[in-house]
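Data first, discussion second: the structure below is written as structure tokens.
The values are calculated or read from the model by the stated rules, or taken from the named source; none is laboratory data. Because the structure is a prediction, the values reported are computed rather than measured. FYI the Cβ positions are ideal-geometry reconstructions off the backbone, even for glycines, and counts take in every protein chain you see. Quick note on the areas: whole protein, heavy atoms, side chains included, nothing else; ligands and nucleic acids left out. Shrake-Rupley method; radii C 1.70, N 1.55, O 1.52, S 1.80 Å.
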Amino acid sequence: MAIIPLAPERLEDTGVSNDLVFQLVTKTLHLAGELTGSELAARLGVSFAVVEPALTLLKRDHHCEIAGGTHLGAPSYLYRLTDSGRVRAALFLDDNHYVGALPVPLDQYTAYMNQVAQEHATRLNRDVIRNAFSHLVLGPRTLDQLGPAITARHSLFVYGPPGNGKTVIAQAVQRVLTRDIAVPYALSIDGSIIRIFDPGTHQRVQEAPDQDEGLERRDVFDRRWVLCHHPLVTVGGELTLDALDLSYSPSTGFYRAPLQMLANGGVLVIDDFGRQQASPRGLLNRWMVPLESRVDYLTLQTGQKFQIPFEVFVVFATNLKPADLVDEAFLRRIRYKVLAESPTVSAFMQIFENYCRDNQLAFDPSVADYLVTSELAPRGVALRGCQPRDLIEQALAIASYLGRPRVLTRDLLTQACASYFVDDRNLASA
């Protein structure tokens, strides 16, 4: 079960200023036109008791009026802005365009992430690790190298020849994190707003149940947060150092979170490490402090720096030689290194069988043996973990093209190998 942040019962419990609540209430009413008190509170992710003081102030200043409702109380009343209220809302929108759930203050976010880190550290062991990687064909030695790194939540360096599943291994770390995590829609830091929840990154799950139902819904779960699976963020050659800092939009007046903040509580995979637009040294220099201290430092447009939790499991995956990327001092910062070795023949056969099973194909050991002994060995091709998948898919594509049954045969694999591997022995020298 996930650790859930508890819903604030009063304005003071939200941890944000009265002025911020007032601004969001005004902007939300301006854009919606008319809302009941309960609907307005739901849009801000809080109870009516949190937004009621702002509505009272708006009515006192004749910036808001009651347009209808029932006799069931203030939550059922229909609220709308007056002309002067809409002028005031426009001024607030000129400052920033953020409208949505009430932001979470930095101290509450930090406290929550610390809870998540402590819970994670107490529940991992060898059985949990092996179960999470059971869908991959990995030797005991590799698993026992991965286990301590994941348990310690330190950085991990996965290296080795191309095609041996480094990216798959890195992304499988997310399977260890079986409990869900809450992600705030936005953070508030001294009046500045940082949007965190990203539907393209965070996978929403069924939210926490309501405590009770009625005119004013009372939640156990703080609706300023979204219950999600632990995030998995994968970046490759497109990564720049700018992506690791806050992104401010002058047109909207608020910030978007950097990659490592989106991945907080989850996994950040730097795929093809060494091929980024940012240099390996530049990336490691940027993360030298966070990797060691588990905190990061970000800077607002005003120049103000603030500290943010860095509860991210960073995995660097590369097929380049580590010594060609960074020196020994930098490699020391990445404490755990795992070599993604080429599979043995028996492991290759197991990968072949697993892929057949996962794709509802009949597995014939003699056909897999033929592939290894009669096609790969004569070519002098080193076995790679990706070859069973690639060659099976290619063979099935050929079968489909020829109008043949979806069955693996020796001749189909022969044709697949002929178009998969490069044979440049007969090419004229330049």
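Working only within region 56-75, note down all residues that are of a type in the set (D, E, K, R) and under 16 Å from Thr36 (Cβ atoms).
Looking only at region 56-75, we keep the residues that are of a type in the set (D, E, K, R), and these are 59-61, 65.
The answer is Lys59, Glu65.
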> What are the residue pairs meeting all of these: first residue in region 56-68, first residue under 12 Å from Thr26 (Cα atoms) and open to solvent by 50 Å² or more (accessible area, probe 1.4 Å), second residue part of a strand (DSSP E or B) and β-branched (Val, Ile, Thr), Cβ atoms under 8 Å, and 6 or more apart or on different chains?
Replying inline: Lys59/Ile66
> Looking only at strands (runs of 3 or more DSSP E) that fall completely inside region 273-363, which ones have 2 or more residues that are surrounded by fewer than 17 Cβ atoms within 10 Å (Cβ to Cβ)?
Replying inline: 295-299, 305-309, 336-339
>> What's the number of the only condition in (1) in a helix (DSSP H, G or I); (2) open to solvent by 60 Å² or more (accessible area, probe 1.4 Å) that Ser134 fails to meet?
In response: (1)
>> With in contact with a helix residue (DSSP H, G or I) (Cβ under 8 Å, 6 or more places away or on another chain), open to solvent by 40 Å² or more (accessible area, probe 1.4 Å) and closer than 19 Å to Pro162 by Cβ as the only criterion, which of Tyr370, Tyr420 stands out?
In response: Tyr420
> Out of all the residues in region 112-168, which are aromatic (Phe, Trp, Tyr) and within 20 Å of Leu339 (Cβ to Cβ)?
Replying inline: Phe133, Phe157, Tyr159
